[in-house]
Amino acid sequence: MNYEVLMCPRCGGDVKIEKDRVVCILCKREYAFVNGVLDMLEDKVSWIGFFERHPRFYDVWSNAGWFLFNGRKYSSLIKDVLEGFNKGILLDAATGTGAVLRSLMSDSGIGIDLSLPMLTYAKSKVKSLLIRGSIEKLPIKSESIDFYTCNMALHILNDKSKVFAEMSRVLKKGGIASVSVITKDNLKGSIMSRAFGLKDYSENDYINTASNEGLTLYKRKRVGPVSVIKFYKGNS
């Protein structure tokens, strides 16, 4: 279940696995399993949106919306995001209902998200380790992840530099990060950005932000309003 990559989000200490909880060896903080999901979120959130109340509808909305804008199945986007992953530990940040993890051929993935209802729904679909936590402060040891994915979520966040900093920290040297984001680089992307109230961000904005955190572009692909951008972490 990949417990060996976990660390305490409060103090960064190693953790030990007990029957129904994870305990920090250093500060003794305890993190419980809730509905099979490991709750390691330090700052609790109180908002509950429609998809948190009805997570099964998120998959319906994703598939319908993606087909409407692109005439393709949503699974084709996930395939693009996962391209290049062969083996090792995959971390899916902002995993939601676990769509990316469901596409893996094994349970070698870890999913993390803020929403406990979404994660609970995902747990009914996958055997992977699911964690409630922040992708801006990952409860994951440095240089422990082989492949990092973030599918259709990064464009929602205001402070993208924090996410890229954590992305870079947890990736092993030579590791790969793959993100799919709405960008303003074409008309469809601009329309969707405005429709969802997103900050206008271009592919180059994402690439420059990642570069500032030690991640280098190696591949990008435009799919309608979305860009799939892949980075690698160098060995230096």
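What to note about this one:
- Selected residue (only one of K125, K172 is surrounded by fewer than 19 Cβ atoms within 10 Å (Cβ to Cβ) and either under 17 Å from V100 (Cα atoms) or under 13 Å from the mean Cα position of the chain (by Cα) (or both)): K125
- Where M105 falls short, out of the listed (1) surrounded by 21 or more Cβ atoms within 10 Å (Cβ to Cβ); (2) at negative phi: (1)
- Residues satisfying the stated conditions in the range 123-145, i.e. in contact (Cβ under 8 Å) with a residue 60 or more places away in the chain and not hydroxyl-bearing (S, T, Y): K123, L129, L130, I131, R132, G133, K137, L138, P139, I140, K141, I145
- Checking M40 against (1) surrounded by 15 or more Cβ atoms within 10 Å (Cβ to Cβ); (2) more than 15 Å from L129 (Cα to Cα); (3) not small (G, A, S), the condition it does not meet: (2)
- Residue ranges of strands (runs of 3 or more DSSP E) in the range 121-225 with at least 3 members out of contact with any Pro (no Cβ under 6 Å at 6 or more places or on another chain) and under 23 Å from S75 (Cβ atoms): 145-151, 171-182, 215-223
- Matching residues in the range 4-37 - criterion: being surrounded by 14 or more Cβ atoms within 10 Å (Cβ to Cβ) and basic (K, R): R10, R21, R29
- Index of the failed condition, G234 passing every other in (1) surrounded by 17 or more Cβ atoms within 10 Å (Cβ to Cβ); (2) more than 19 Å from S76 (Cβ to Cβ): (1)
- Residues of the range 179-204 that turn out to be over 19 Å from the mean Cα position of the chain (by Cα) and modelled with pLDDT of 95 or more, as a count: 1
- In this structure, I89 does not satisfy being modelled with pLDDT of 95 or more, aliphatic (A, V, I, L, M) and closer than 17 Å to Y31 by Cβ.
The values are calculated or read from the model by the stated rules, or taken from the named source; none is laboratory data. The structure presented is a predicted model; accordingly, all values stated were derived computationally and were not measured. Every residue, glycine among them, receives a Cβ derived from its backbone with ideal geometry; neighbour counts consider all protein chains shown.
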